[in-house]
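In what follows, a single structure is set out as C-alpha cells and then discussed.
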Amino acid sequence: MRRVIATTAMAMIVAAGMSLEAQKTTQVHPGKGGSPHVKTEWTIDGANISITYGRPSLKGRDESTLMPPGKEWRTGADEATTLTTDKSLMFGSLMVPAGTYTLYTVPGEKEWQLVISKKTGQWGIPYPQGEDLGRAPMKVSKNATPVEQLTISIDDTPEGGTLNIAWGTVKASIAFMVH
C-alpha cells in the first residue's frame, strides 16, 4: 500500500514538473518606465512560441484608462509586445505564418480584438496603422481575483493552445491551433 501511495505521489510530482517546464519565463530588462520586461516561452504541439512584453502594475489606477475600450492598446508597457513562432498559428480564421510580429489588442466590454501587426521593432505607441496582418476576436471574462501586474500566458489544450491576457479584473482569451 505504501509503495502505491509513494508511486502515485512521485507520478504527481513528475507531472507537475513537466507542466511547469512547458513554460519558461526570463527577465529581459527592468524597463525604462519601471515595468519589468520578460520573455515567456512555450512549446505547443511542436511549435516554439515566445512572447516578450512589459509587465505594468495597476498601482491603484483604473484599468479602463490603461486599457482604453475601442482603441488599439500596446498590450504591455514601453516597447511593443512581440510574438515569435517557428510554426504557423491559426487564431480563429487568422493564419499567422512562422515569424515575429507585434501584438496589440482592442479592449471591449464583451469582446476584445487580438491585433497581429507585421511591423516590429518599434516602441509600443503609436499604433502602426495599415500594418496589420489581421485581427481575431477574443473572449472576455472576469478574474476571480484582480491581477495587479499584466500577465500574458498560454495554456496547452488538446486542440492547440489558448492565449490569455489578464490584468485587473479582466481576462481576454483566444484559442489557437498549430499548423
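The values are calculated or read from the model by the stated rules, or taken from the named source; none is laboratory data. It should be emphasised that the depicted structure is a prediction, and the values quoted were computed from it without experimental measurement. A quick note on method: Cβ atoms are made from the backbone with ideal geometry, for glycine too, and the neighbour counts reach across all protein chains shown. All accessible areas refer to the heavy atoms of the entire protein, side chains included, with ligands and DNA or RNA removed. Shrake-Rupley method; radii C 1.70, N 1.55, O 1.52, S 1.80 Å.
Assorted remarks:
One line per residue, one yes/no per condition, for (1) assigned to a loop (DSSP other than H, G, I, E, B); (2) out of contact with any strand residue (DSSP E or B) (no Cβ under 9 Å at 6 or more places or on another chain); (3) within 29 Å of residue 159 (Cα to Cα); (4) not acidic (Asp, Glu):
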| position | (1), (2), (3), (4) |
| --- | --- |
| 48 | no, no, yes, yes |
| 53 | no, no, yes, yes |
| 65 | no, yes, no, yes |
| 71 | yes, no, no, yes |
| 75 | yes, no, yes, yes |
| 84 | no, no, yes, yes |
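- Residues (of a type outside the set (Ser, Thr, Tyr) and open to solvent by 20 Å² or more (accessible area, probe 1.4 Å)) located in segment 83-93: 86, 87, 90, 92
- Residue check for residue 169: farther than 19 Å from residue 68 by Cβ and among the β-branched types (Val, Ile, Thr): no
- The set of residues in segment 15-46 that are under 19 Å from residue 157 (Cβ atoms) and at pLDDT below 80 comprises 15, 16, 18, 19, 20, 21, 22.
- Yes/no for residue 40 being part of a strand (DSSP E or B) and either open to solvent by less than 40 Å² (accessible area, probe 1.4 Å) or under 13 Å from residue 135 (Cα atoms) (or both): yes
- Filter result (without any contact (Cβ under 8 Å) to a residue 24 or more places away in the chain and touching a Leu at 6+ places or on another chain (Cβ under 8 Å)) within segment 148-174: 166
- The C-beta contact set for segment 23-38 (first residue within 9 Å of residue 77 (Cα to Cα), second residue of a type in the set (Phe, Trp, Tyr) and open to solvent by less than 50 Å² (accessible area, probe 1.4 Å), distance under 8 angstrom, 6+ apart or interchain) comprises 37/53.
- In this entry, residue 80 is excluded by the filter for residues that are loosely packed, with under 11 Cβ neighbours inside 10 Å and at pLDDT below 95.
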